[in-house]
1. So what is the relative contact order for region 89-156, in percent, with contacts set as C-alpha pairs under 8 Å and at least six apart?
2. In nanometres, what is the gap between the two model label sites at ASN170 and ASP83, each 7 Å from Cα along Cα-to-Cβ?
3. Starting from the Kirkwood radius over alpha-carbon pairs of region 83-181, derive D by Stokes-Einstein at 20 °C in a medium of 1.002 mPa s and give it in µm² s⁻¹.
4. Give the order of TYR134, TYR110 when sorted by the count of other beta carbons within 10 angstrom, beginning with the fewest.
5. Multiply the residue separation of LYS93 and SER74 by 0.36 nm, subtract the distance between their alpha-carbon atoms, and state the gained length in nm to one decimal.
6. Arranged by the count of other C-beta atoms within 10 angstrom, fewest first, what order do SER63, SER181, SER103 take?
7. If you rank ASP162, ASP83, ASP54 by fewest surrounding Cβ atoms within 10 Å, what's the result?
8. Considering only the other residues whose Cβ falls under 14 Å of the Cβ of VAL88, what net charge follows from Lys and Arg at +1 and Asp and Glu at -1?
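FYI, it's all coordinate maths here, none of it is from the lab. Only a predicted model underlies this, so the values are computations on that prediction, with no experimental measurement involved. FYI the Cβ positions are ideal-geometry reconstructions off the backbone, even for glycines, and counts take in every protein chain you see.
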Amino acid sequence: MSITSIVESSMIEFWHVLVETAAPWARQLVAWNSSGGATSGVAVAYELSALIGDMTMLAAIGSEHEVPVVPLASGLALIPLTDDIAAVLFAGKRFEEVLRAWSAHGPLIYAWSEMHAGLGVQAATIWEDGAVTYHETGYPGRGPISIALHRLGVTGAAGRRDEFEVVGLNRHRRTGEWVPS
């Protein structure tokens, strides 16, 4: 099962909100991706699907499930949600149920973003103590992912660097590139 099907089956409301609140170009992007556009040979300039949380907590999850955990700045880490990694982590369980359980050990962000030709959409959801405490869909810049990171204590830096850049989420352009070779 792909990460897309896991997320879509568990977060139908997420997609509803995305389409209802997004600008017309974002709705076209979502429709294009839903029709297989992202896998039809057209390059996406930036895409991310990942879990972000405390390094110690994610290291324990990574070790238990034998999936890669990538250190970020500010004491955080990332688990890239490629199709293969998602299949191992969720193993037929509902995405939301798994994140709810893991968040009992600390806040956990699910971050998703797609950008192409300067246009794009991103979303972030924070689970804390088994409940969603933040969910937002919006546009890059000081968007939902930066806001979620800020809620976990990350602060922007001088030189117009937002939380997204401070933790290093701009190091790779594709989710799969986060997987160590």
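1. Numbers: 102 pairs, mean separation 17.3, N = 68.
Computed over region 89-156, the figure is 25 percent.
2. Distance between the two pseudo-spin positions: 3.1 nm.
3. Numbers: Rh = 14.6 Å.
Reported coefficient: 146 µm²/s.
4. Taking fewest neighbouring Cβ atoms as first place, the list is TYR134, TYR110.
5. Numbers: separation 19, 0.36 × 19 = 6.84 nm, distance 3.04 nm.
Between LYS93 and SER74, full extension yields an extra 3.8 nm.
6. Values: SER63 10, SER181 3, SER103 21.
Going from sparsest to densest Cβ surroundings: SER181, SER63, SER103.
7. Details: ASP162 22, ASP83 15, ASP54 18.
Result, fewest neighbours first: ASP83, ASP54, ASP162.
8. Values: positive: LYS93; negative: GLU64, GLU66, ASP83, ASP84.
My count for the surroundings of VAL88 gives -3.
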